[in-house]
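Working notes, structure below.
The values are calculated or read from the model by the stated rules, or taken from the named source; none is laboratory data. The structure presented is a predicted model; accordingly, all values stated were derived computationally and were not measured. Note that we place each Cβ from the backbone using ideal geometry, even for glycine, and neighbour counts take in every protein chain shown. With ligands, DNA and RNA removed, areas are computed over all heavy atoms of the protein, side chains included. Shrake-Rupley method; radii C 1.70, N 1.55, O 1.52, S 1.80 Å.
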Amino acid sequence: MKGKISLITGFVVIALILGGCQTKTQNKANSSSSDTKVAKKSKTARPKPSDITSTLNRIKGKFAEDQQTRTNGGELTYSSFYWKNSAWHWELISEKRGVIADGKVNSISIGKAGNPDNLRMVSSSGENYSLKLSVTGEFYTIQTTYKDIKGSYVVGDTDGKWTDSAPAKLQASWRSGFEKTRTVMGDDDSTYPYIKVTFSIMPDSLTGVNVLYKSDKKAKLEGNGWGINDHLMSKQVALNTYLLKSYSGNELFSVYKVEYVSSRKIRTRFGSKLVSLTKVGAGQSYAVSNSVGKDTTNLTKEQVKKWVWSDVRKNNEFTMADYYFEQFQKDGLLYIDVRENHDSKNMKAAGAAPSVSPRAALYRINENGQLEKYKITVDGDEWNVVSDDYSE
């Protein structure tokens, strides 16, 4: 009996193993078939490369209308560009009326020299119409011949709720390093291929200056300040990421998406480039013009000494020879420790204690090529910008 039981048990085990192999084979086949179907589905769901996709990919999603273009008693509408059934579509909706207008995008004519793009549309009811689209930074404006719709929409604004002014930690002047002019301005300027951007976030407006540089990054062309704007508003859209918008009269002037990296650094987009900017200085509130041709990020030791001396000598009866200028690197920045030379003739005549060299001041050249001076205050230590431009 025991032998028979063992035989039957062995048969069952073999059968189970064979059945398991068959099941695995079927599952593998089914899995392969399923994977193939999923792959095909994801492939068809991806927007096809085209001029339409290049234009609409940047602004796809459902976003709220700006307060200045709302009509019908301030009715909040939402504009949505999306990809579905192998085509781009647009829809305008509101909570009150539901779908107000819709359409499938058939073609696009790219606008030249700042002119709007023109989308050829067909509504779900079969009506052909055009939609003029102007994209400026982080917002876009639409105008249709269908139902005469016009409005501005901020990319990333999903509820239409904003706060007056900008977060306190962003309120400062920020400056970029050297960037390529064509990526920031959209122009391929062979005479001035490089640019530095100063971006100032004030309590009620956004200001700034673009300074263009020649290929040697020394000779430069002063840029004009940005246009007058006011009524700065903000909203947080992610951790340490904010939308900032301001107005010129009753029209939306600009919208920037700003990432707060640290107390010394932010990132935002200018043109086609995501640019890192460093705070100008704790003692300098907002934008200061750069007007000299010397590249202060590439000075000799003697030039550094002369530049620091130009600040030390203010209201000072001593000469450069009466000080030591000790230079050292720290955290990628150049520091200059200015100490009194008590062995000098003038210091001795003034009765300075021999064999010591007390610190007179501490300077550094920051990431933007500005000269900063160290200061101890009741609120703590701080670095103040004392010179934007090289001087002797």
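Conditions (1) at negative phi; (2) out of contact with any Gly (no Cβ under 9 Å at 6 or more places or on another chain); (3) not acidic (Asp, Glu), marked per residue:
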residue	(1), (2), (3)
186	no, no, yes
189	yes, yes, no
194	yes, yes, yes
198	yes, no, yes
203	yes, yes, yes
207	yes, no, yes
212	yes, no, yes
215	yes, yes, yes
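So in the range 61-71, with the set limited to residues that are in a loop (DSSP other than H, G, I, E, B) and among the charged types (D, E, K, R), which one is most open to solvent (accessible area, probe 1.4 Å)?
70
Residues in the range 147-172 that are in contact with a Phe, Trp or Tyr (Cβ under 9 Å, 6 or more places away or on another chain), open to solvent by 10 Å² or more (accessible area, probe 1.4 Å) and β-branched (Val, Ile, Thr): 155, 158. Taking (1) surrounded by 15 or more Cβ atoms within 10 Å (Cβ to Cβ); (2) farther than 24 Å from residue 52 by Cα; (3) without any contact (Cβ under 8 Å) to a residue 60 or more places away in the chain in turn, residue 121 satisfies each apart from (2). Considering each residue of the range 326-347, count those that are exposed (fewer than 13 other Cβ atoms within 10 Å of the Cβ) and aromatic (Phe, Trp, Tyr), and give that number. The number of residues fulfilling the criteria is 1.
Every condition in (1) in a loop (DSSP other than H, G, I, E, B); (2) free of Cβ contacts under 8 Å to residues at least 60 places away in the same chain holds for residue 129 except the one numbered (1). Listed here are the strands (runs of 3 or more DSSP E) enclosed by the range 331-392 that have at least 3 residues being over 30 Å from the mean Cα position of the chain (by Cα) and hydrophobic (A, V, I, L, M, F, W, C): 359-365. Considering the range 72-94, the residues that are in a loop (DSSP other than H, G, I, E, B) and in contact (Cβ under 8 Å) with a residue 40 or more places away in the chain include one that is least open to solvent (accessible area, probe 1.4 Å), namely 76.
Okay, residues lined up against (1) farther than 15 Å from residue 391 by Cα; (2) open to solvent by 20 Å² or more (accessible area, probe 1.4 Å); (3) at pLDDT 95 or above:
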| residue | (1), (2), (3) |
| --- | --- |
| 260 | yes, yes, yes |
| 263 | yes, yes, no |
| 267 | yes, yes, yes |
| 277 | yes, no, no |
| 305 | no, yes, no |
| 324 | yes, yes, no |
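The residue that is least open to solvent (accessible area, probe 1.4 Å), counting only those in the range 224-258 that are over 24 Å from residue 178 (Cα atoms) and of a type in the set (Phe, Trp, Tyr), is 247. Is at least one residue of the range 138-146 surrounded by fewer than 21 Cβ atoms within 10 Å (Cβ to Cβ), part of a strand (DSSP E or B) and not polar (S, T, N, Q)? Taking every residue of the range 138-146 in turn, none turns out to be surrounded by fewer than 21 Cβ atoms within 10 Å (Cβ to Cβ), part of a strand (DSSP E or B) and not polar (S, T, N, Q). Here the condition is being in contact with a Leu (Cβ under 7 Å, 6 or more places away or on another chain) and charged (D, E, K, R); of 337, 381, 389, 331, it holds for 337 alone. From the list 161, 217, the one residue that fits, being assigned to a loop (DSSP other than H, G, I, E, B), among the basic types (Lys, Arg) and farther than 22 Å from residue 274 by Cα, is 161. The number of residues in the range 173-223 that are under 18 Å from residue 248 (Cα atoms) and surrounded by 15 or more Cβ atoms within 10 Å (Cβ to Cβ) comes to 9.
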